[in-house]
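The values are calculated or read from the model by the stated rules, or taken from the named source; none is laboratory data. This structure is a prediction, so every number in the text was calculated from the model and none was measured. Here the Cβ positions follow ideal geometry from the backbone for every residue, glycine too, while neighbour counts run over all protein chains shown.
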Amino acid sequence: MSIMNKSSAARLWRQVVRHPIWFFVLVIFIFFSLATDHFFAFHNFQNILVQTSTIGLIALGMTLVMINGNIDLSVGATLALAASLAVDIQGWPVFESWGDWAMLPAVIAALASGIMLGALNGIIVWKTGVNAFIVTLGAMLGVRGLVFIYTQEQSFYAMNFAYSDFGSSAVGPLPTLAVIFLVFTVITHFLLARTVHGRNTYAVGGNRDAAVNAGIRVGPHMVVNFMIVGFFAALAGVTLSTQMGASTPNLGRDYELWTITAVVLGGTKLTGGAGNIIGTLGGVLAIGILRNGMNLMQVPAFYVLVILGTILIAVLFLDKQVNRKEDGELRV
Amino acid sequence: MNAFDTALRVQGIVKTFPAVRALDDVSFDVRPGEVHALLGENGAGKSTLMKVLAGMHRPDQGRIFISEEPAILHSPLEAKRLGVVLIHQELSLAEQMSVAENIFLGELPRKNFGMVDWKKLYADAEAILQRLNCDFGPQTRVEDLSIAKKQMVEIARALTVEAKAVIFDEPTASLTDQEKEVLFDVIRDLQAQGVGIVYISHRMEEIFRISNRISVLRDGTYRGTLETVDTNEDEVTRLMIGRSLDTSRGGKVVSTGPVVLKVENLSCGDLFENVSFSVQAGEVLGFYGLVGAGRTAIAEALFGLRRLSQGKVVLNGQEITITSPRHAVEQGLALVPESRKEQGLVLGMSCRDNMTLPQIGNLTTGPFVSNGGEIAIFDRYRDLLSIKTPGWRQLVGNLSGGNQQKIVIGKWLAMRPKVLIVDEPTRGIDVGSKAEIHNLLRELAADGYAVIVISSEMPEILSVSDRIIAMYRGEITREFTADEVTEDNLVQAISGLS
Amino acid sequence: MAEATLTSNRLKGLGGTLAKQGILIAFIVFMIGFALFSEKFLTSGNVMTVIRQAAIVGVMAIGVTVVVIGGNLDLSVGSMLSFSTVLVVDLHDKIGPGEAIAVMLVATLVLGALNGFLIGYLRLNSLIVTLGMLSAIQGLTLIYTGGQNVDISHQDTTWFAVFGRGQVFGLPVPILIFAVVAVIVHVVLAYTPYGRRVYAVGGNPMAAVFSGIRRNRVVACSYLISAFCTGIAAVILGSRVMGSQNNVGQGYELLVLAAVILGGTSLLGGSGSVLKTVIGVLILGFIQNGLLLLGYAYYVQWLVTWVVIILAVWLDVAAKRGRLFSPIA
């Protein structure tokens, strides 16, 4: 590791200040390191990364959609559909002779389903002008219906152990799933921070009229972001099913709520225009560390729910206090 | 006229909205390298004309020429590409993005794989910022900039294309004197580069400082163009407000009614300072000043919408502290707000429901709203104010501006207030209804109400007020009786010239 | 230009009428369709069953309607239903049915008051606050039960059974409760000063404040109403099942919201009614029942609901906009 020079240290510090959630991550990290014996261990960090990778992957896509000023409530159902497709298709008789390669078309089909559902949501939002909240609320029910129709309420099991082996495999010192999550985090960060599409994402969410006037094609732009969140939800479905070696039709229930919680904790505004991947990573890790640490302290999982809910509201409250204008604002 | 000496020219523009003919056969041009000021009262059609020029409205009739080439503008983007840019009064920036990104919004330079070419972006932005002598870098986040600097970013955006004409809409409304000088330097630079400038403002002193020509609109019609050096404020004012001005004034008597509201040393942040005045029963007290002079803020503070930093409010001899609008209403204050659609009315509710809203809690039989009581009130004030509506069920959003305003006034009259504050009583209302509302305000005073009228329109303030308070930058500069006031000394008092 | 969109530009004639009454027409079409294919569908017994089953979602949706008309959302009602049901069922054996109901309603109102304080008085975003409350109340429920399911021991002798299982004048009690709640909240919204204020605050919060309405209080009260309705739904549910799982209300928040939206109450606030919500609830109920009678599995209704929700809201939006498709490029 190279020695950090002063300016990059200053830059890092600025990033931390801009993302208060990282303070919280730091505080709970130190707290759990001191309070429990098993928390501060490389093995446990691996666990945390794998546990958070599912919500984390979806949160990456959700960040884009929310910066756009939209929301996607259908991610949990999309995840279940992708997981079911991935596990089921690799067992189809057609692919019997393919061996381990049968997993390839299965995974491709799963990811494609996510992208297509995302595109469908996006096109409906674009063309009908119906609020994304309503469109994806409908999709959340409907896609879950598709999952049940496809699976006939059955759970699927991956017959090929290579599939679940992949879920527990490692790349060097890190679990493969953690690596996938981290790689996509970096990619999405660059997409959002460095590419024209990413910058337009802020413009569309921050000032839609200005974006339209500047000639950005807002509709297709939003469709692309819905496709991205669909892809990530499907990818999360695949990785989750490799962990379990199976899929169930009820997989991913409530994940939309967890994901939104993580993204909002990370500083993304529901109104759009603000937020970033570094913050979202912080939000995801905050939830992951909290769950893991409290589990290690043998605090029942229920308390985590109460604490998370409280933190979410507290973050909202603090954000409002910090950003409150001194005067010039009407008391309405 | 030589074919090539206009940067932007419009001919015979007509634009009609359902209720109003906003522009009626307007022709106008700006030459390369000149500042052409566009003047007119609120509602005279300036903003509609500006939107036509910038491609935001399609005119019903008439033609637009850019560098003498006929042009049809479908969108602001198209207008910009052809070299016509509007600098908005309300800024249209994405706050979380950098200055450079905002300047090149929609046209970010690309490298491979859709990556932004940051080097080029920052270099190009830097070059434009330097042209404007800006002291902030292209990487600054817009949310960290002052309003004046945000405005510079808007201007910088105009310079990404080879601008032929730049339209400034009230650019100095929220600038300090220093910032204003910087802006004027920029405008002079643009002039030197051969750009035609359309400059819309209410502030006479600015217009006479920087413009070459002045054109005046009134009630949607073109009233003439003057060379700035050959004219004076009087002539321009006459063109703006027409001849009816002198006749509509007069008959004002000094009221002898009791003092209803007395305000001493009222201050509120940096919005206004040490404001003292009183208003008597039976008189109309006018507040005149430019937008941002603090008039509206005083009204809002009296109505409990702003926290006062100091001062005393005495109502009918008793000192009161107003903590909320509810409280203000209970004390007998009423405010007809400046923005009818945003603050005055719930557009999706019926006429009757809007009118009875402040007193709905008292209009009950048992726990239920008394339908008869509501309709009685509605009928009474509909007749009193001659509101034209098919019936009480009509949604207020479907009424004309004048009738909407009467609903808001009626809603407060029905409360029998001690003091009625009316902020911009006729904004966006057609000429006929204007006179009606002015008469109404006079009649209310005659009936013994204490009325405060706030307006940015000089003829309005002159025709309705018994006394006039002039404000400039949060302070009262002068108080006039109806006898003392002239257009000249009023204009001086509100421009900080006296 | 707001005037322009209000007066002209409307979808004219038949198209406009269709768009405005879309949800009612859809309802009728569904009913006729199902009735044609299933003889049993329109029998009084079946209709009773549908309404009885819809009563729990219905009572909650009526409360949420008040919140939504006021311009806010309530996602916490699902986990609140779990909490309240668990509480009333658990306390039933410990302190008696009447006392259990009273204590549960007070506890539920406290949660509603907390929502109301955070959203009404602190002006925090309702979506996130109620999302946080969803999680927190779910945790609270689990802490209370320690993760165990609860039930009532003497199920046949308690008068508590009447709420979920009883009949009065041949009508199932849940239907009666649903009807009474609907009528009361309808009267409150349509005929009382408070109702008028809710519409004003949702329609234009700024204008409401400028008219001297205490917006904070109006919004806070809407959450109390929503919580109270959820409490009543918990009584029906607890009495029907005579027991409760910790997560019995999971997912209800979105079903409830779907019913409210389907009825035609706009998420923007300021419009909507209890009547619309009742229709929305019934449509969901009849779709479910009709598809079951036609031999489809229960989950097929979700797919149909998806399509119906989007079409219903699309028509509504299109009618207001005056054109079918959004003008965004």
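Scan the stretch C:137-146 residue by residue and report those that are at the interface with another protein chain (Cβ under 7 Å from one of its Cβ atoms) and either at pLDDT below 90 or over 21 Å from the mean Cα position of the chain (by Cα) (or both). Lay out the reasoning, then the answer.
So the first thing to find is which residues in the stretch C:137-146 are at the interface with another protein chain (Cβ under 7 Å from one of its Cβ atoms), and the list is C:138-140, C:142-143.
The answer is C:G139, C:L140, C:L142, C:I143.
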Open item on the list: Can you tell me which of (1) modelled with pLDDT of 90 or more; (2) surrounded by fewer than 20 Cβ atoms within 10 Å (Cβ to Cβ) is the one B:V35 doesn't meet?
Closed with: (2)
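Mind listing whichever residues of the stretch B:164-183 are more than 30 Å from B:N489 (Cβ to Cβ) and modelled with pLDDT of 85 or more? Give the derivation first.
So the first thing to find is which residues in the stretch B:164-183 are more than 30 Å from B:N489 (Cβ to Cβ), and the list is B:164-167, B:182.
Passing the criteria: B:K164, B:A165, B:V166, B:I167.
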- [ ] Find the residue count for the stretch B:376-395, including only residues that are in a helix (DSSP H, G or I) and either more than 14 Å from chain C (Cβ to nearest Cβ) or exposed (fewer than 15 other Cβ atoms within 10 Å of the Cβ) (or both).
- [x] 7
Open item on the list: Criterion first (modelled with pLDDT of 85 or more and assigned to a helix (DSSP H, G or I)) does A:L318 satisfy it?
Closed with: no
Task: Top-ranked residue in the stretch C:103-122 [being within 12 Å of another protein chain (Cβ to nearest Cβ) and in contact (Cβ under 8 Å) with a residue 40 or more places away in the chain; ranked as surrounded by the fewest Cβ atoms within 10 Å (Cβ to Cβ)] - done: C:Y121
TODO: Please verify whether the stretch A:235-243 includes one or more residues that are within 14 Å of another protein chain (Cβ to nearest Cβ), over 30 Å from C:Y144 (Cα atoms) and surrounded by fewer than 21 Cβ atoms within 10 Å (Cβ to Cβ).
DONE: no
Open item on the list: Could you go through the stretch A:291-309 and let me know if any residue there is within 10 Å of chain C (Cβ to nearest Cβ), part of a helix (DSSP H, G or I), in contact (Cβ under 8 Å) with a residue 24 or more places away in the chain and touching a helix residue (DSSP H, G or I) at 6+ places or on another chain (Cβ under 7 Å).
Closed with: yes
- [ ] Among the residues of the stretch C:161-207, write down those that are more than 14 Å from chain B (Cβ to nearest Cβ) and basic (K, R).
- [x] C:R165
TODO: For residues that are farther than 19 Å from B:L93 by Cβ and touching a Pro at 6+ places or on another chain (Cβ under 9 Å), scanning just the stretch B:120-146, find the one that is nearest to the other protein chains (Cβ to nearest Cβ).
DONE: B:K120
Task: Filtered residues of the stretch B:163-183 (kept if among the charged types (D, E, K, R), buried (at least 19 other Cβ atoms within 10 Å of the Cβ) and under 21 Å from the mean Cα position of the chain (by Cα)) - done: B:D169, B:E170
Open item on the list: Suppose we filter the stretch B:184-232 for residues that are surrounded by fewer than 17 Cβ atoms within 10 Å (Cβ to Cβ) and modelled with pLDDT under 85; how many remain?
Closed with: 2
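From the list B:G311, B:G344, B:G304, B:G348, which residue is in contact with a Leu (Cβ under 6 Å, 6 or more places away or on another chain), crowded, with 16+ Cβ neighbours inside 10 Å and either in the same structural domain as B:L261 (by TED's automatic domain parsing) or among the acidic types (D, E) (or both)? Walk me through it before giving the result.
On the way: B:G344 fails: in contact with a Leu (Cβ under 6 Å, 6 or more places away or on another chain); B:G304 fails: in contact with a Leu (Cβ under 6 Å, 6 or more places away or on another chain); B:G348 fails: in contact with a Leu (Cβ under 6 Å, 6 or more places away or on another chain).
Every option except B:G311 fails the conditions.
Going by the conditions given, is B:E41 part of a loop (DSSP other than H, G, I, E, B), at pLDDT below 85 and under 26 Å from the mean Cα position of the chain (by Cα)? Don't jump to the end; show me each part of the working.
Working: part of a loop (DSSP other than H, G, I, E, B): yes; at pLDDT below 85: yes; under 26 Å from the mean Cα position of the chain (by Cα): yes.
So B:E41 fits the description; yes.
From the set of residues in the stretch A:48-75 that are in a helix (DSSP H, G or I) and small (G, A, S), which is farthest from A:T268 (Cα to Cα)? Steps first, please.
Step one: filter the stretch A:48-75 for residues in a helix (DSSP H, G or I), giving A:48-67, A:75.
Then drop every residue that is not small (G, A, S), which leaves A:53, A:56, A:59, A:61.
Details: A:S53: 19, A:G56: 14, A:A59: 11, A:G61: 12 Å.
Only one residue fits best here, namely A:S53.
How many residues are among the hydroxyl-bearing types (S, T, Y) and in contact with a helix residue (DSSP H, G or I) (Cβ under 8 Å, 6 or more places away or on another chain) when one looks only at the stretch C:43-71?
Keep residues of the stretch C:43-71 that are among the hydroxyl-bearing types (S, T, Y), which gives C:43-44, C:49, C:65.
When the remaining residues are screened for being in contact with a helix residue (DSSP H, G or I) (Cβ under 8 Å, 6 or more places away or on another chain), the result is C:49, C:65.
Going through the stretch C:43-71 one residue at a time, the tally reaches 2.
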Task: Residue identified as in a loop (DSSP other than H, G, I, E, B) and either among the aromatic types (F, W, Y) or in contact (Cβ under 8 Å) with a residue 40 or more places away in the chain (or both) among A:G283, A:G237, A:G273 - done: A:G273
